[in-house]
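Presented below is the structure to which this report refers.
The values are calculated or read from the model by the stated rules, or taken from the named source; none is laboratory data. Quick caveat, the model's predicted, so the values are computed rather than measured. Methodologically, a virtual Cβ is constructed for each residue, glycine included, from the backbone with ideal geometry; neighbour enumeration extends over all protein chains shown. When the accessible area is computed, the model is the full protein with side chains, heavy atoms only, and any ligands, DNA or RNA have been set aside. Shrake-Rupley method; radii C 1.70, N 1.55, O 1.52, S 1.80 Å.
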Amino acid sequence: QLSGGGSAETIEAAKFLPEKMTSYEIGTKTTWEAAGVFQVNSALFFQDYTDKQISTQQQDASGQLKPVITNAGGAEVWGFEIDGTWLPEFIDGLTVQVSYTFLQAKYTKWNVDVTSEYNTLRSQQCQVVVDPSDPAKRQCNLNFAGNQLERSPENALVTQLNYTRSLGNTGMEWFVEGNTSFQDERYLDPENTLTFDPYWLTDVRLGLVADRWDALLYVDNVFDDDTIK
């Protein structure tokens, strides 16, 4: 037996299938002259999941909640990403980087038969079906097809500026850089009942680099964003 939540669990009941994914991607890597050197990379991709593994909670026969790993029938992710790096010729030592990702990540097949009030109320749905173990009993079939994959923001953006210069004839370099990232709203759980709010996060750093040591001053979360991430 295995311990699951507050009650014992049999090995058979705790088993789950391996997760498989087939991935397709097509993209470009290019270099341009645009008032300096400008590199642009882009990719369009598709990921097809079979038996995607999911961490969730279920109520056991004694009424206790327990964490379990189960399999969804299928899921797919369509996505596009592009990133660019620019070294402008009119400002020596400046590097500008921007990257953006767009995702459409959804479950395509995931049905669960449950008897617990917890799972039914949590999902706000119930298609009544016959319990295969006892034709006299009924249970709920929950259909999560179309739900968004957990922790998958539709839009994500990262920008970074870095300015690096030599410190006289000392052989050392000094630099200042800042980066800002954004993540769109995303779901905490595969049932799509809880969400994380979108957020912006900005960090800055000032540093000195030698052959054998670095010195660094930094401020994380400059604007004191307290969004739960």
Taking the Cα centre of the chain as origin, sum charge times position over the Cβ atoms of Lys and Arg (+1) and Asp and Glu (-1), and report the length of that vector in debye to the nearest 20.
540
Taking 0.36 nm per intervening residue step and subtracting the Cα-Cα distance, what contour gain separates V128 from F46 on full extension?
26.1 nm
Solvent-accessible area per residue, Å², over segment 32-122 with all protein chains present [probe radius 1.4 Å]
55
Checking the table K109/K229; K15/K137; K52/K137; K20/K229; K52/K106 against a 18 Å threshold on Cα-Cα, which pairs fail?
K109/K229; K15/K137; K52/K137; K20/K229
After finding the eigenvalues of the alpha carbon gyration tensor for segment 122-173, what semi-axes result from the square roots of 5 times each, listed largest first in whole Å?
63, 12, 6
If R165, R212 are ordered by their accessible area, calculated over protein heavy atoms with a 1.4 Å probe, which sequence runs from highest to lowest?
R212, R165
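How high is the relative contact order of the chain, given as a whole-number percent (alpha carbon pairs under 8 Å, six or more residues apart)? Please report the intermediate quantities before stating the final value.
Numbers: 548 pairs, mean separation 29.5, N = 229.
Here the relative contact order equals 13 percent.
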Taking 0.36 nm per residue of sequence separation and subtracting the Cα-Cα distance, how much length would be gained by fully extending the chain between T164 and K229, in nm to one decimal?
20.3 nm
What ³J(HN,Hα) values, in whole Hz, does the Karplus curve 6.51 cos²θ - 1.76 cosθ + 1.60 give for segment 108-115 when θ = phi - 60°, with x put for Gly and Pro?
9, 7, 6, 10, 10, 9, 9, 10
Using a 1.4 Å probe over the heavy atoms of the protein chains, calculate the carbon and sulfur portion of the accessible area of the chain as a whole percent.
54
Classify segment 13-72: rounded, prolate or oblate, from the alpha-carbon gyration tensor (a ≥ b ≥ c, eigenvalue square roots; a/c under 1.5 rounded; otherwise prolate if a/b is larger than b/c)?
prolate
Among T30, T159, S123, the residue whose Cα sits farthest towards the positive end of the charge dipole of the chain (+1 at Cβ of Lys and Arg, -1 at Cβ of Asp and Glu, taken about the Cα centre) is S123
I'd like to check one number: the per residue accessible area of segment 172-226, probe 1.4 Å, reported in Å² as a whole number.
65
For D92 and V222, what does the FRET efficiency come to when R0 = 35 Å and r is the distance between their Cβ atoms, rounded to the nearest 0.05?
0.85
Among the aspartates and glutamates, select those whose C-alpha is under 14 Å from the C-alpha of K29, and discard any that sit fewer than 8 residues away in the same chain.
E81, D83
